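Working notes, beginning with the structure itself.
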Number of protein chains: 2
Amino acid sequence: MKYAFGADIGGTTVKLGLFDGEGNLLDKWEIPTRTEEKGKNIIPDVAASILGKMQERALSKEDILGVGVGAPGAVDDDGAMIGGAVNLGWEPFHMRKTFEAELGGIPVTPANDANVAAYGEMWKGGGRGNDDVVAVTLGTGVGGGIITKGKLLTGSTGAGGEIGHIHIEDKEEEVCGCGHKGCLEQYASATGIVRLARRRLAEDDAPSCLRGAELSAKAVFDAVKAGDKVANEIAERFGYYLGKGLAVVAAVVNPEVFVIGGGVSKAGDVLLPYIEPSFKKYAFPPSAGAKFALAELGNDAGIYGAAGMVLNQGLQNAQ
Amino acid sequence: MKYAFGADIGGTTVKLGLFDGEGNLLDKWEIPTRTEEKGKNIIPDVAASILGKMQERALSKEDILGVGVGAPGAVDDDGAMIGGAVNLGWEPFHMRKTFEAELGGIPVTPANDANVAAYGEMWKGGGRGNDDVVAVTLGTGVGGGIITKGKLLTGSTGAGGEIGHIHIEDKEEEVCGCGHKGCLEQYASATGIVRLARRRLAEDDAPSCLRGAELSAKAVFDAVKAGDKVANEIAERFGYYLGKGLAVVAAVVNPEVFVIGGGVSKAGDVLLPYIEPSFKKYAFPPSAGAKFALAELGNDAGIYGAAGMVLNQGLQNAQ
């Protein structure tokens, strides 16, 4: 029996998982992410934790197929973090070579953390059973991960699947974090939903339980569930933009299923009926049959995806 | 030495090419496409032509790695034409199995013709030297073919790369061929450019050599080259839409290069400076470094791409 590790390096903690060759999660734990001193301890800490787990379980190097790892930055085809990772303090470095040296030669497969989480949802989460999947993460921003024929689409500079920055609205006057105006992220992220809510509430005096309350994506969808009409209109605007944006994505990559995750997706089943009508309205008919599902793995998507890349050779360049 | 054939089945003729194992085109010829009787003779005709060429050159089945073929319709992962091909009279059928039977078992690799031509341009044309390429065909419509890490992105139902049907303009009132309004194809195809020209000319009485002339994409770009100011404005509008649409494509698949082909691209180098500023304006910065090139293979892109798929296993599912 062979094993694989999955590591998901975040700004506060590193999540780790040990998987058997059939993709069963055997063990799961976390270590703190030490971002001080330009994050120089992070890789040694993760490597030591993995080697410690191997010792604990009496696993030799030969038992380990490899270690998959997701990190918050662009990763090139050879496994280098070409732009570093600002949240970890990292400057550009060769993640794969550094990590493999710390692990005494165990093969490491690094990828961008959003892509890795997408791979996890394709493999064991809301997209399982499909091999053409677009994972959409609605959090502070809007992220994406694209899997075609079971492999991650990373793009030429590791920026594939950055669907939050699709231009979707010509009339926007506020500037997105990327420097442009009218990006999908400005409407479909948690912060985007708050913007939509603020704008809607300013339009008139229609009664709403959102007035005077602290606005958040959660508050909006809680109000939707409680039957609030204004909240319903805000959700419709959110769904209009997201459906329209995903219709564009469907014309380009023609997925079987969109898997909606991230903090906003915790609203649950109430979300999808707001997205689908707009998607159908704008989608090119041959790609309009894509299904929608909610993400299922939550914070474990990263460790699943990281290990899954190793067990299934899930990167396009890993053949 | 092994060989491969490439076939490009169009509505009027089938183009054929014989290539050696290094991708050199050794021979090139055409046969008529017999679309009568639901196109039932097309595959037998192509097979007979290939077997005839083998006899002429004293090649045995063992000498042939395979036959790649592009056809105007959606092709699924197993090589079936799942929607038939309306231009050829075809109803849905299993292209790969039918063709292989006619060829006595020589392996056949079918794909959509636009995708095959894109593959040809990546391999031997304007995109050579890159393996993340988006080919854009500006003809009667706008077609696309996406290659990631050297493999064609076909999508879940063979509709990947249909970038002509990206929604790009909310204010459009005319209906696109797909049934929606505001698709990229309505502005960036040859017919789209004529629409833009007609609209611009109707706006005022500014002098232009296009007035009273028969409008075509060629006429517009000829007028641009002659220094016509109104034609220049029309080209700017074309470039605005195409650049904006390709910026969206770049956010999704992050190519190294866009290769612009099709009839409109015969305008030549004058085209790209109209597209690039709008692309830069709308592209997500990490994917804004994509280059632009003109297609180079013209009508031979299909036979190159078809043979190239065989020689390089250029389909994502052909591993």
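For segment A:95-128, which residues satisfy the criterion of being surrounded by fewer than 21 Cβ atoms within 10 Å (Cβ to Cβ) and over 18 Å from residue A:315 (Cα atoms)? Answer for segment A:95-128, where residues must be surrounded by fewer than 21 Cβ atoms within 10 Å (Cβ to Cβ) and over 18 Å from residue A:315 (Cα atoms): A:98, A:101, A:102, A:104, A:105.
Scanning segment A:172-193 for residues that are in contact with a Gly (Cβ under 6 Å, 6 or more places away or on another chain) and part of a helix (DSSP H, G or I) yields A:185, A:186, A:190. Total residues in segment B:129-163 satisfying the condition of being surrounded by 24 or more Cβ atoms within 10 Å (Cβ to Cβ) and under 22 Å from residue B:288 (Cβ atoms): the figure is 15.
Report, by residue number, each residue of segment A:161-171 that is part of a helix (DSSP H, G or I) and free of Cβ contacts under 8 Å to residues at least 24 places away in the same chain. Scanning segment A:161-171 gives a single hit, A:165. Taken across segment B:274-281, residues that are under 29 Å from residue B:7 (Cα atoms) and crowded, with 23+ Cβ neighbours inside 10 Å do not occur at all.
Do we have any residue at all in segment A:194-206 that's under 20 Å from residue A:282 (Cβ atoms), at pLDDT 95 or above and in a helix (DSSP H, G or I)?
yes
Quick check on segment A:92-114: of everything there that is at pLDDT 95 or above and of a type in the set (Asp, Glu), which residue is nearest to residue B:253 (Cα to Cα)? The residue in question is A:100.
Of the residues making up segment A:289-306, just one is more than 17 Å from residue A:133 (Cβ to Cβ) and crowded, with 20+ Cβ neighbours inside 10 Å, namely A:303. All conditions but one from (1) at negative phi; (2) surrounded by fewer than 24 Cβ atoms within 10 Å (Cβ to Cβ) apply to residue B:192; the one that does not is (2). Pick from segment B:249-293 the residues that are within 9 Å of another protein chain (Cβ to nearest Cβ) and of a type in the set (S, T, N, Q): which of them is farthest from residue A:146 (Cα to Cα)? Within segment B:249-293, the match that is farthest from residue A:146 (Cα to Cα) is B:287.
Within segment B:14-40, the residues that satisfy the criterion of being in a strand (DSSP E or B) and either within 17 Å of residue B:54 (Cβ to Cβ) or modelled with pLDDT under 95 (or both) are B:14, B:16, B:17, B:18, B:19, B:20, B:25, B:26, B:27, B:28, B:29, B:31. Report, by residue number, each residue of segment A:212-222 that is modelled with pLDDT of 95 or more and either of a type in the set (A, V, I, L, M, F, W, C) or assigned to a helix (DSSP H, G or I) (or both). If the condition is that a residue be modelled with pLDDT of 95 or more and either of a type in the set (A, V, I, L, M, F, W, C) or assigned to a helix (DSSP H, G or I) (or both), then A:215, A:217, A:218, A:219, A:220, A:221, A:222 are the ones that fit. So which residues in segment A:58-78 are more than 14 Å from chain B (Cβ to nearest Cβ) and under 20 Å from the mean Cα position of the chain (by Cα)? Correct list: A:67, A:68, A:69, A:70, A:71.
Consider segment A:144-160 and keep the residues that are more than 7 Å from chain B (Cβ to nearest Cβ) and either free of Cβ contacts under 8 Å to residues at least 24 places away in the same chain or assigned to a loop (DSSP other than H, G, I, E, B) (or both). The one that is farthest from residue B:245 (Cα to Cα) is A:150. What do you reckon, is residue B:120 among the small types (Gly, Ala, Ser) and not in a helix (DSSP H, G or I)? When the stated conditions are applied, residue B:120 does not pass them.
Just one residue in the set A:73, A:66 is part of a loop (DSSP other than H, G, I, E, B), out of contact with any Cys (no Cβ under 8 Å at 6 or more places or on another chain) and in contact (Cβ under 8 Å) with a residue 24 or more places away in the chain; that residue is A:73.
Exactly one residue out of B:183, B:209 is within 12 Å of chain A (Cβ to nearest Cβ) and either at pLDDT below 95 or on the phi < 0 side of the Ramachandran plot (or both): that is B:183. Name the single residue that is farthest from residue A:68 (Cα to Cα) among those in segment A:101-134 being among the small types (Gly, Ala, Ser) and in contact with a Lys or Arg (Cβ under 8 Å, 6 or more places away or on another chain). Among residues in segment A:101-134 that are among the small types (Gly, Ala, Ser) and in contact with a Lys or Arg (Cβ under 8 Å, 6 or more places away or on another chain), the one farthest from residue A:68 (Cα to Cα) is A:104.
Selection of segment B:1-13 for residues being assigned to a strand (DSSP E or B) and surrounded by fewer than 16 Cβ atoms within 10 Å (Cβ to Cβ) yields only B:13.
Within segment B:232-240, not a single residue is without any contact (Cβ under 8 Å) to a residue 12 or more places away in the chain, within 14 Å of chain A (Cβ to nearest Cβ) and either under 30 Å from residue A:186 (Cα atoms) or crowded, with 20+ Cβ neighbours inside 10 Å (or both).
All conditions in (1) in contact with a Ser or Thr (Cβ under 8 Å, 6 or more places away or on another chain); (2) under 15 Å from residue A:164 (Cβ atoms) hold for residue A:245, with the sole exception of (1). Among the residues of segment A:80-117, those identified as part of a helix (DSSP H, G or I), away from chain B (no Cβ under 14 Å) and within 20 Å of residue A:36 (Cβ to Cβ) are A:87, A:88, A:95, A:98, A:99, A:102. If the condition is being touching a Gly at 6+ places or on another chain (Cβ under 8 Å) and under 13 Å from residue B:4 (Cβ atoms), then segment B:62-76 contributes B:65, B:67, B:68, B:69. Any residue in segment A:171-179 that is more than 8 Å from chain B (Cβ to nearest Cβ), of a type outside the set (Asp, Glu) and surrounded by 19 or more Cβ atoms within 10 Å (Cβ to Cβ)? Yes - at least one qualifying residue is present in segment A:171-179. Among residues of segment B:189-204 that are in contact (Cβ under 8 Å) with a residue 60 or more places away in the chain, those with a Cβ under 6 angstrom from a residue that is in a helix (DSSP H, G or I), sequence gap 6+ or separate chain, pair up as B:190/B:217; B:190/B:263; B:190/B:264; B:193/B:217; B:193/B:220; B:193/B:238.
The values are calculated or read from the model by the stated rules, or taken from the named source; none is laboratory data. Just so it is clear, the model here is predicted, and its values are computed rather than measured. With ideal geometry, Cβ positions are generated from the backbone for all residues, glycine too; neighbour counts draw on all protein chains shown.
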